[in-house]
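The values are calculated or read from the model by the stated rules, or taken from the named source; none is laboratory data. Keep in mind that this is a model prediction, so the values were computed, not measured. Here the Cβ positions follow ideal geometry from the backbone for every residue, glycine too, while neighbour counts run over all protein chains shown. These area figures cover heavy atoms from the full protein model, side chains too; ligands, DNA and RNA do not enter into them. Shrake-Rupley method; radii C 1.70, N 1.55, O 1.52, S 1.80 Å.
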Amino acid sequence: MMKKLIGLTIAIVILSSAQAQNCPGIMVQSPFYEIPEGDTLVFVAATKGADPRLALTYNWAISAGTIISGQGTAKIMVNTGGLAGMFVTATVELGGLPAKCASTASSSIEVLPAAQLVVSGTFTNGQELKNAVQKFIAATAFKDTANAGTAFIYLYKNAATTESAFKIFQDAIIGAFEYNKVLPHQYLIVDGGKKRLTSYEFYLLLPGGKEPKPSN
């Protein structure tokens, strides 16, 4: 069974106490859960107790990746391509605050490896699913003991697919993996919901990777 990943957001929040200068609290908000490589990462600067008359400016710096848009505003979008397994820290410096007020805050989040779609297609019988398993194994060297990834499989029903038929389809995949001496903990079969045609998607999920979402 694939280890379920629980999201972890590491945030460094600087909150200055209200003083005679009326210093606001400053924080950087980031997603509550890790995101997979390739998804756009969003950081938002927020203030608490800021004088609405202040003309604030925003200057961002990030530890990795590229700011796609938003530099100079309260929200930036960051490209996570090539950042799998890394933590991205965004730091904002606010201008326009009273001289003695704290003016920076940061937040960090981990970028997980994205699931790799290896094999997909439609099917009408169990043999076609067995063939898909063989293609997946051949494409990923999945039987190699050095391959520590997990096969994550979405099976999609159509309007006529019964529960008993769905179980037969699952058993066909399980039987193909067993034939190739792939152990149960190395793969996971998930009901992806309904589509116009019965179909499958085989993903390779690397260690620490985030499970893919069903396709539309």
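Filtered by the rule that a residue be assigned to a loop (DSSP other than H, G, I, E, B), over 15 Å from ALA46 (Cα atoms) and touching a strand residue (DSSP E or B) at 6+ places or on another chain (Cβ under 7 Å), segment 72-84 gives THR80, LEU83, ALA84. Looking at ALA99, ALA148, ALA139, just one residue is open to solvent by 20 Å² or more (accessible area, probe 1.4 Å), at pLDDT below 95 and in contact with a Pro (Cβ under 6 Å, 6 or more places away or on another chain), and that residue is ALA148. For segment 43-66: of the residues being buried (at least 16 other Cβ atoms within 10 Å of the Cβ) and under 20 Å from the mean Cα position of the chain (by Cα), which is farthest from GLU110 (Cα to Cα)? The qualifying residue farthest from GLU110 (Cα to Cα) is VAL44. Any chance segment 98-119 includes a residue that's farther than 30 Å from ALA74 by Cβ and in a helix (DSSP H, G or I)? No; the residues of segment 98-119 include none that is farther than 30 Å from ALA74 by Cβ and in a helix (DSSP H, G or I). Criterion applied to GLU128, GLU110 was being among the acidic types (Asp, Glu), open to solvent by less than 70 Å² (accessible area, probe 1.4 Å) and within 19 Å of GLY208 (Cα to Cα), and the one residue passing it is GLU110. Taking segment 168-185 as the range and being closer than 18 Å to PHE123 by Cβ and open to solvent by 90 Å² or more (accessible area, probe 1.4 Å) as the test, the residues that pass are ILE168, TYR179. For segment 191-212, give me each residue that is surrounded by fewer than 16 Cβ atoms within 10 Å (Cβ to Cβ) and either at pLDDT below 90 or assigned to a strand (DSSP E or B) (or both). Residues satisfying the conditions are ASP191, GLY193, LYS194, PRO207, GLY208.
TYR33 fulfils the conditions (1) assigned to a strand (DSSP E or B); (2) at pLDDT below 95; (3) hydroxyl-bearing (Ser, Thr, Tyr); (4) under 30 Å from LEU204 (Cβ atoms) except for a single criterion, (1).
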